[in-house]
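The next block holds one structure in the form of structure tokens; read it before the comments.
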Amino acid sequence: MTNLRKMRPLHEMYSQDEIDRATEHVGRVYKNWPDDVEQNPVASWGGFAGNFDTAELYIEPAIRADLARRWHSVTGPQGADLQPLPLGGIEQRDVPRCEAGPILVWFARSLAQLDYDITLHPRFYDYACGILALEQEGSQLLEQLKHRFPPRLLPGLNRSTGNWNPPEATGQTPGEQDNGRSR
């Protein structure tokens, strides 16, 4: 499914002071482009593409990611296993694959696919409860985490990708979930 949703302007989600701080941080990261590509807040599996990429292509997505990380540090769960929000493939690869680590990675990917729109995407707690509602009874993830995140259906959550989209965008009715099988 193609995402036809218009990207929400930053000033609708954050104060100008927050935007300025994130812009300054991202500007420092990209100052020596492409030498600092490993410090890219949204570095992906593929990385920099030589003469074809320019820093300008990455700056706004990096600002959005940086702002989302700051938002998650304040509004997200404060457990050491759930901070900071891992941005990009490099950081997500380094998140431990035990306890809630996988859910944190899926949450970060889901938020990224919505251009880090924090006003649209559910908060981590609701997302984690939705993920656990999709787990089969007896799964290790469910058994380890159901006390922290009681399973509860989350309309718009795609079982196969772990991505969340507004239910009206997926054609789901409230209470309905995608029928895919694996994340």
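Just so it is clear, none of the values below were taken in a lab; they were calculated from the coordinates. Quantities reported herein were computed from a predicted structural model and do not represent experimental measurements. Methodologically, a virtual Cβ is constructed for each residue, glycine included, from the backbone with ideal geometry; neighbour enumeration extends over all protein chains shown.
With θ taken as phi - 60° and the Karplus curve 6.51 cos²θ - 1.76 cosθ + 1.60 applied, the whole-hertz 3J(HN,Hα) list for the stretch 84-101 is x, 5, x, 9, x, x, 5, 5, 5, 5, 8, 6, x, 8, 10, 6, 8, x Hz, x standing for glycine and proline.
Using mean Cβ contacts within 10 Å as the protection proxy, how do 109-122, 149-162, 16-29 order, highest first?
On the way: 109-122: 19.5, 149-162: 17.8, 16-29: 15.3.
Packing proxy ranking, top to bottom: 109-122, 149-162, 16-29.
Here the extension length gained between Gln136 and Glu18 equals 38.4 nm, from 0.36 nm per residue of separation less the Cα-Cα distance. Per-residue extension of 0.36 nm, minus the Cα-Cα distance of Asp126 and Gln144, leaves a gain of 4.8 nm for this segment.
Need the full-extension length gain, Arg97 to Glu168, defined as separation in residues times 0.36 nm minus the C-alpha distance. One decimal, nm.
Values: separation 71, 0.36 × 71 = 25.56 nm, distance 3.20 nm.
Length difference between fully extended and current span is 22.4 nm.
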